[in-house]
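Notes follow once the structure below has been shown.
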Ligand SMILES: NC(=O)c1ccc[n+]([C@@H]2O[C@H](COP(=O)([O-])OP(=O)(O)OC[C@H]3O[C@@H](n4cnc5c(N)ncnc54)[C@H](O)[C@@H]3O)[C@@H](O)[C@H]2O)c1
């Protein structure tokens, strides 16, 4: 298949591109390197530096590549920056996505797989583990834009017949995650303790999240493209892990015992989040396969090697 991966120079997109290449697909990555790095683009993929907000660039790319599948991972991918600059979040996550979806419809793309968010969508009152049926209540500009794209996809399928999938990711972690961003506690803590520095925990560390390994997420993307189901699916483990437990697992893998510093709890942080992925198991035969400690050990090993720590 001919495949376009948007944001393929970023963390998750690079894993999706890598998996597609390993299955013999022809992969073209588009990324403007806002947070991504050329070195993340896997060998064998063609890299096009470009901005998905530019409709002409998107049209030219689709005209050249004639993709069968699109994996749309490019985004302003963090919650807090979207509060500070909702315009930038809106332009990348909404306008950029609309450019891609509209062009994909024009080009009769067979499957459009979109990286949505579970954590930013369901809000603080959702029962745990949350299923797709629970009403979405985004609590940030990021959550609003990520979710809105699902409605565009639904609209374009009902009116123009394009098959799609919106995967609502839980908290994704693994090699190549940016440790300088504000999201990605595993990447940040791993680099911090390996460098011998004290990690900062905001609040008391009891906040629980659902951590899913990036390679499992890549597989969910591939199965989504291969399958015939259209719609929304959570991709998650359903298991709650606290920030303190994350740090303990990282320290065990890194062989460190560094005391954390505790900072003020961040406004808008929800105490618990875990998503049920039963529907993904039923519709695309997907389940998370990488146990937490194994994923953490791999991430710590990668961090150590990558940063020479
Ligand atoms: N990491 C998580 O835990 C998580 C959770 C839920 C959803 N997601 C979603 O998964 C996707 C990937 O996230 P990630 O963690 O890999 O983030 P990331 O920042 O590593 O990757 C995003 C990529 O998009 C690129 N990009 C940004 N704006 C662009 C533009 N205008 N044109 C072209 N490329 C652009 C960036 O340079 C980067 O390479 C995003 O859509 C994000 O919202 C991530």
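Taking a ≥ b ≥ c as the square roots of the Cα gyration tensor eigenvalues, with a/c under 1.5 meaning rounded and otherwise prolate when a/b beats b/c, else oblate, which class fits the range 192-309? Don't skip to the answer; put the middle values down first.
Numbers: a/c = 2.87, a/b = 1.62, b/c = 1.77.
Oblate is the answer for the range 192-309, as a/c is 1.5 or above yet b/c matches or exceeds a/b.
Could you check how many percent of all C-alpha pairs in the range 185-237 are farther apart than 17 Å?
57 percent
Please report Rg (one decimal) and Dmax (integer) in Å for the Cα set of the chain.
18.5, 57
Can you list, bin by bin at 5 Å, the percent of alpha carbon pairs in the range 129-261, starting at 0?
Reading upward from the zero bin: 2, 9, 15, 18, 19, 13, 10, 7, 4, 2, 1, 0.
Against the longest alpha carbon principal axis of the chain, how many degrees, from 0 to 90 and to the nearest 10, is the axis of helix 292-306 turned?
In the chain, helix 292-306 runs at an angle near 90 degrees to the longest axis.
Counting only the backbone N, which residues of the range 17-31 are under 18 Å from the spot 7 Å out from the Cα of residue 43 toward its beta-carbon?
17-29
On a full-extension model of 0.36 nm per residue, what is the gain between residue 297 and residue 226, subtracting their alpha-carbon distance, rounded to one decimal in nm?
Values: separation 71, 0.36 × 71 = 25.56 nm, distance 3.03 nm.
Between residue 297 and residue 226, full extension yields an extra 22.5 nm.
Would you mind computing, in nm to one decimal, how far apart the modelled labels at residue 60 and residue 266 are, each placed 7 Å from Cα along Cα→Cβ?
3.7 nm
Using only Cα atoms, find the angle between the long axis of helix 185-194 and the longest principal axis of the chain, and express it within 0 to 90 degrees, rounded to the nearest 10.
Roughly 50 degrees between the two axes.
Among 105, 267, 149, which one shows the biggest mean-square fluctuation in a GNM of the chain, springs joining Cα atoms closer than 10 Å?
267
Taking only C-alpha pairs under 8 Å that are 6+ residues apart, what is the relative contact order of the range 1-117 in percent?
Relative contact order comes out at 28 percent.
For the range 153-232, what does the relative contact order come out to in percent, with C-alpha contacts under 8 Å and a separation of six or more? Provide the component values of the computation, followed by the final result.
Details: 68 pairs, mean separation 34.8, N = 80.
For the range 153-232, the relative contact order is 44 percent.
Could you work out the relative contact order of the chain, using alpha carbon pairs under 8 angstrom and six or more residues apart, expressed as a whole percent?
Details: 668 pairs, mean separation 55.0, N = 309.
Averaging sequence separation for qualifying contacts and normalising by length gives 18 percent for the chain.
How big is the antiparallel share of DSSP beta bridges in the chain, given as a percent to the nearest 5? Provide the component values of the computation, followed by the final result.
Details: 2 of 38 bridges.
Around 5 percent antiparallel, to the nearest 5.
Once you treat every alpha carbon in the range 252-309 as an equal point and sum by Debye, what is log10 I(q)/I(0) at q = 0.16 Å⁻¹?
Summing over Cα pairs of the range 252-309 leads to -0.90.
Between the helical axis of 97-106 and the dominant principal axis of the chain, each derived from Cα atoms, what acute angle in degrees is found, rounded to the nearest 10?
With both axes taken from Cα atoms, the answer is about 30 degrees.
Rounded to a whole number of µm²/s, how large is the Stokes-Einstein D of the range 1-97 at 37 °C and 0.692 mPa s, given Rh as the Kirkwood radius over C-alpha pairs? If you can, show how the numbers build up before the last one.
Values: Rh = 13.4 Å.
Translational D for this selection: 245 µm²/s.
Using Cα-only point scatterers and the Debye equation, what is log10 of I(q)/I(0) for the range 60-129 at each q in 0.16, 0.26, 0.28 Å⁻¹, rounded to two decimals?
-0.68, -1.14, -1.23
All of the numbers you see were taken from the coordinates with simple rules; none came from a lab. All of these numbers come straight from a predicted model, not from anything done at the bench. All Cβ positions, glycine included, derive from the backbone under ideal geometry; neighbour counts span all protein chains shown.
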